[in-house]
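See below for the structure under consideration.
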Amino acid sequence: MALNEFIAELDGVLQEATAAFAAAADNDALEEARVAFLGAKKGRLRAAQKGMGGVDADDRPQAGQRLNDVKRAIETAFEEAERRIATGAADAAASGPAFDRTLPGSEYRVGSLHPITQTIEELKDIMGRLGFTVADGPEIEDERHNFEALNIPREHPARDPLDNFYLSTAEKTADGLDLLMRSQTSTVQIRVMEHTPPPVRIISLGRVYRPDEADRTHYPMFHQMEGLMVDEGVTMADLKSVLRMFASSYLGSDVRVRFRPSFFPFTEPSVEADFEWNGEWIEFGGAGMVDPNVFTAVGYDPESVTGFAFGLGVERLCMRRHNLADIRDLFTNDVRFLRQF
Ligand code: FA5
């Protein structure tokens, strides 16, 4: 075989191989083309190489040189195709599937206020119609507002560190008072009366903290609605009618409410208020006539004013309203639960 025939044969193989590699769309097609052209046994290059035996002995070095060049060129074309397929796959993975404009759009999910927030808003609304304005107080309190001024002296068991979340002993007020996460919103009664002369008619809604074991009706953080009304001539009848009006506004006019004698250091007399729920009486708060010692502690004259106060559990009200079985559902942040409100 003449040298130029051999070279023409090699060039033909190179051209076809380059075209086949360039056309390969994926690794399988490329591998098929590699076997067809570079395969050690039946590859086209291998077949062409056999023609070298027919080339004149003098021309063989040149033929061999050419064979090597073509082989390297085909290998380079293969490697290029390999790289192209690899980067193509990476790009496709990065950009995701092609945009399909015929698919329905993804729904934009609008959130809603937490059920407790919704409850608080509604309670403010109802109490606002009964003439109560909203007051606020801090969640980190000192022992004067959480206990002392509420007629709960130092040795009282309610102040036990096991029943309260005290801050570390290093943290105190400027006057050296211990600090704690407030255990009741009754603290706000004191804060309001310290700064406002009678008459007052306020509610205060917010979080309180107690080291209570979580169960279906208890949680270590919960909300209370405090109420306080002080004026000349306020009586227990006012307290009972305000709580009854409140309960029938929030829970429906058919709700049954009862008052049981109880004890709180800051009211005298004191009651627990219960409502009926699925045939059972459930306590929803404590209440009573403001103790004269509390008036004295805030600088009011207990001879000239009287008042009532109450503190209701907001979660219990919310649960009764929506017939919820477990207080913990309110705080586990499960959107399947929360989306219902
Ligand atoms: C008080 O906290 C008094 N400060 C209420 C008060 C105010 C009495 C003004 C007199 C005058 P008590 O500890 O009973 O009272 O709590 C009131 C309500 O909070 C309970 O009836 C209940 O509804 C709710 N509550 C108490 N502990 C928890 C808890 N761990 N989880 C959820 N709710 C609770």
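Give region 46-73 a look and list any residue that's among the aliphatic types (A, V, I, L, M) and touching a Phe, Trp or Tyr at 6+ places or on another chain (Cβ under 6 Å), or say none.
Within region 46-73, VAL55, ALA63 qualify.
Look at ARG328 and say whether it is away from the ligand (no atom under 13 Å from the Cβ), farther than 29 Å from PRO269 by Cβ and out of contact with any helix residue (DSSP H, G or I) (no Cβ under 8 Å at 6 or more places or on another chain).
It is false that ARG328 is away from the ligand (no atom under 13 Å from the Cβ), farther than 29 Å from PRO269 by Cβ and out of contact with any helix residue (DSSP H, G or I) (no Cβ under 8 Å at 6 or more places or on another chain).
Suppose the filter is touching a helix residue (DSSP H, G or I) at 6+ places or on another chain (Cβ under 8 Å), in a loop (DSSP other than H, G, I, E, B) and either over 17 Å from PRO115 (Cα atoms) or in contact (Cβ under 8 Å) with a residue 24 or more places away in the chain (or both); does PRO302 pass it?
Yes; evaluated as a whole, the condition is true for this residue.
Any residue in region 322-334 that's in a loop (DSSP other than H, G, I, E, B): show its pairings with residues that are among the aromatic types (Phe, Trp, Tyr) at Cβ separation under 7 Å, as long as the two are six or more apart or on different chains.
PHE331/TYR219
Of the numbered conditions (1) near the ligand (Cβ under 9 Å from one of its atoms); (2) assigned to a loop (DSSP other than H, G, I, E, B); (3) of a type outside the set (D, E, K, R), PHE310 satisfies every one except a single condition; which is it?
The failed condition is (2).
Would you mind stating whether GLU315 is under 33 Å from the mean Cα position of the chain (by Cα), surrounded by fewer than 17 Cβ atoms within 10 Å (Cβ to Cβ) and either within 8 Å of the ligand (Cβ to nearest atom) or of a type in the set (Gly, Ala, Ser) (or both)?
Taking the combined requirement at face value, the residue does not satisfy it.
Going by what's in this entry, would LEU177 be described as over 17 Å from PHE266 (Cα atoms), within 33 Å of the chain's Cα centre (by Cα) and either surrounded by fewer than 18 Cβ atoms within 10 Å (Cβ to Cβ) or in contact (Cβ under 8 Å) with a residue 60 or more places away in the chain (or both)?
Numbers: over 17 Å from PHE266 (Cα atoms): yes; within 33 Å of the chain's Cα centre (by Cα): no; either surrounded by fewer than 18 Cβ atoms within 10 Å (Cβ to Cβ) or in contact (Cβ under 8 Å) with a residue 60 or more places away in the chain (or both): yes.
No; evaluated as a whole, the condition is false for this residue.
Out of (1) within 8 Å of the ligand (Cβ to nearest atom); (2) in a strand (DSSP E or B); (3) within 35 Å of the chain's Cα centre (by Cα), what's the single condition that is false for GLY288?
Unmet for GLY288, out of (1) within 8 Å of the ligand (Cβ to nearest atom); (2) in a strand (DSSP E or B); (3) within 35 Å of the chain's Cα centre (by Cα): (3).
Can you tell me how many residues within region 221-247 are surrounded by 14 or more Cβ atoms within 10 Å (Cβ to Cβ) and free of Cβ contacts under 8 Å to residues at least 24 places away in the same chain?
Residues that pass the stated criteria total 2.
Residues that are within 10 Å of the ligand (Cβ to nearest atom), at least 2 per element: which strands (runs of 3 or more DSSP E) completely within region 168-279 meet that?
Hits in region 168-279: 200-209, 221-231, 257-264, 267-277.
Can you find a residue in region 142-162 that is of a type in the set (A, V, I, L, M, F, W, C), part of a strand (DSSP E or B) and at pLDDT 95 or above? Show your work before the answer.
Let us first name the residues in region 142-162 that are of a type in the set (A, V, I, L, M, F, W, C), namely 147, 149-150, 152, 158, 162.
From what's left, part of a strand (DSSP E or B): none.
No, region 142-162 has no match at all.
The values are calculated or read from the model by the stated rules, or taken from the named source; none is laboratory data. All values derive from a computational prediction rather than experimental measurement. Because the Cβ atoms are built from the backbone with ideal geometry, glycine has one as well, and the counts that use them run over all protein chains shown.
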